[in-house]
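Worksheet: the structure to be examined is printed underneath.
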């Protein structure tokens, strides 16, 4: 497939994932901050940090983050200057979809375009102000529908695999960053001796990742930070765990790489990405949760996020923007 | 429901004087081909009609058949206005028109073949040499290069109008990259959804085969004839106003949509950059104008094109649709000579009439035009979209003076035509049905032979009294129904 189109497929799903993640984070936080008696600055500000917006928040016109949450929600949903806001991510998702309208299915396009048309209509702003939960659920459902439509209506071949690769890489990074929320809100505590506030934070962390119910299906999981961190990092069957997504990314990568025989010796397409992904997977699989906590959760999550970003760059070099020499050496 | 809701839709409709109305004769009775449609729409009544029109509009919005308004921060989306009342053409009338269109395309193709090789038509002084050789669209670099398959105008849009006597006349030829066919297909799709019963009862010729016809025609002229694997659609990119159409055609044909940066030329062959390396491309349906195609040959600053593409084309390694250099064939100053081309190349009489045209490059025409500027429509030869145009009878004295100066400065750049009272079609505007002027753009696809899409894009000037149908200037569109069989006429 055309490299530029593959890139749009990949980014389309990354942006859809960002929209969905934001909808879930904000919706969960609405109820969570009622349960936990947190200092004001720890109620909404951590969500700004998760999205890497702490430096530009004021500059982009974000309001007082210690108020009842309206300012942060307004910022993360509607801010036009922030590239991480829901509106900006949705715009980018739709722009990518529009650019590759010939590649995605009609149903996928309609789901996304409907969401966009709804979002820019003034009635969605009223819904946001009157009943934010319903607003977030509407957005989340549209994103889930998008994935369902993709699965059920699109050809399961390279464009689809690049989309799923985008989702996997985005989710691995998002889950790692969300886990880090705990660190950002109350600092590096020892999760084995926890206060009720910390416990509430961990439950919220599960819910941020749609993981509350899946977590309790693992019978040996009792509600403690150590188990929750283990679940979100290592549970192979959970669709948002870091390990699950990196393994999936490797599968999708194998599907979009040419069969080895099609390439001469030298640099088979996707080799860079494969090497980095394999290294990261080996490293994560060699860890257990106690080692992670010893090394420091924040430190481990930081290198996971960095390594995931590096894999994203490798995907781009390998598949989207190969240099001229590599193109010439490749098969016709 | 008030009485008004049940009133026949056309109850208050009155055609304009001295104007051909597509639905009603001068005495107010419906034309035979529109009679059944008028009855069915009358039964619907105004309030139900308005509901269906709203559904149609929201269908366009939902499907994303829109253009973006970039001045708006939120990036809001607008639809091109679509009027639900179709334009109707009886089948036998259409047969005649489409034979005339096909004849015209044969002549234009022969003309392009000739001016880029022997130039017999110039040697025999059928068309003044300087008019051709000085045309902006004539590209001397292309002389001696024969396009693969010998086809120049693969996709043509020939604009037709109907004068007061109801005859179809050719208004202009579009032999480069005529757009709008996606609206024909989408309009039809929406019509079927919104007025299913009326559509089913009307025996309308299908338009849905356009993409497959186009794909076959494109493949038939490639360097490896009928191999459909190496066909792509080339677009300037998502910010082009016709991007929806480029994407639509790629999707409906099932071929990749590429931008210039997705292609490269190596050893005079064209390749696409794919995730598995390079892949050969041999037919390009390009929606990129000549000057941007190849920075090596044309505009060196173009970032939209593909370096080396023209060389690959010259070697016969890639087919371009439409061919390079077609601008000379749809130049408005060449248009008056198309009937002469038909006689010269085909030894046939033109089947379709066209609008009388004054070529300002000719001394005698020029003085006539300058004297009668307030009665004529003046057009710049290289402009489109309703720009660079003066409608004398509606213009101020100052506007006429301005055009007089422009014409005198560059007579070659202008032509003039009498203003034709374009035919009208009943159109829903602001809750009422009124007569609005229309034209018709049929589409022709040429590979080994020529196929004419039944119908075409009917464009309508939504502003009362307006003669300008272009979407950029307040125009909308309608579905065009060619009624199958001869039962109406």
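The values are calculated or read from the model by the stated rules, or taken from the named source; none is laboratory data. Values in this document were obtained by computation on a predicted structure and should not be read as measured data. FYI the Cβ positions are ideal-geometry reconstructions off the backbone, even for glycines, and counts take in every protein chain you see.
Brief remarks follow.
- Extreme residue, farthest from residue A:180 (Cα to Cα), among residues of the range A:275-332 that are within 14 Å of chain B (Cβ to nearest Cβ), without any contact (Cβ under 8 Å) to a residue 40 or more places away in the chain and part of a helix (DSSP H, G or I): A:328
- Residue count for the range B:256-281 under the criterion of being more than 8 Å from chain A (Cβ to nearest Cβ) and either free of Cβ contacts under 8 Å to residues at least 24 places away in the same chain or surrounded by 23 or more Cβ atoms within 10 Å (Cβ to Cβ) (or both): the result is 5.
- Scanning the range A:77-118 for residues that are within 9 Å of another protein chain (Cβ to nearest Cβ), part of a helix (DSSP H, G or I), free of Cβ contacts under 8 Å to residues at least 40 places away in the same chain and under 23 Å from the mean Cα position of the chain (by Cα) yields A:87, A:91, A:94, A:95, A:98, A:109, A:110, A:113, A:114, A:116.
- Per-region count, the range B:123-135, residues assigned to a loop (DSSP other than H, G, I, E, B), exposed (fewer than 15 other Cβ atoms within 10 Å of the Cβ) and in contact (Cβ under 8 Å) with a residue 24 or more places away in the chain: 2
- Meets criteria (away from chain B (no Cβ under 14 Å) and touching a residue at least 24 places away in the same chain (Cβ under 8 Å)) for residue A:72: yes
- In the range B:234-247, the condition of being more than 13 Å from every other protein chain (Cβ to nearest Cβ), assigned to a strand (DSSP E or B) and at pLDDT 95 or above is met by no residue.
- Every residue from the range B:282-297 that is out of contact with any helix residue (DSSP H, G or I) (no Cβ under 8 Å at 6 or more places or on another chain), in a loop (DSSP other than H, G, I, E, B) and either within 14 Å of another protein chain (Cβ to nearest Cβ) or surrounded by 24 or more Cβ atoms within 10 Å (Cβ to Cβ) (or both): B:282
- A search for C-beta distances below 6 Å between a residue of the range B:397-410 that is more than 16 Å from residue B:363 (Cα to Cα) and any residue that is outside any loop (DSSP other than H, G, I, E, B), counting only pairs 6+ apart in sequence or on different chains, returns B:400/B:373; B:400/B:374; B:403/B:378; B:403/B:390.
- Screening residue B:251 with (1) within 19 Å of residue B:303 (Cβ to Cβ); (2) facing chain A (nearest Cβ under 9 Å); (3) not in a loop (DSSP other than H, G, I, E, B) gives one miss only, at (1).
- Selection count where residues are within 25 Å of residue B:19 (Cβ to Cβ) and surrounded by fewer than 19 Cβ atoms within 10 Å (Cβ to Cβ), scope the range B:396-416: 3
- Here residue B:79 passes the criteria (1) under 30 Å from residue B:467 (Cα atoms); (2) buried (at least 21 other Cβ atoms within 10 Å of the Cβ) except the one numbered (2).
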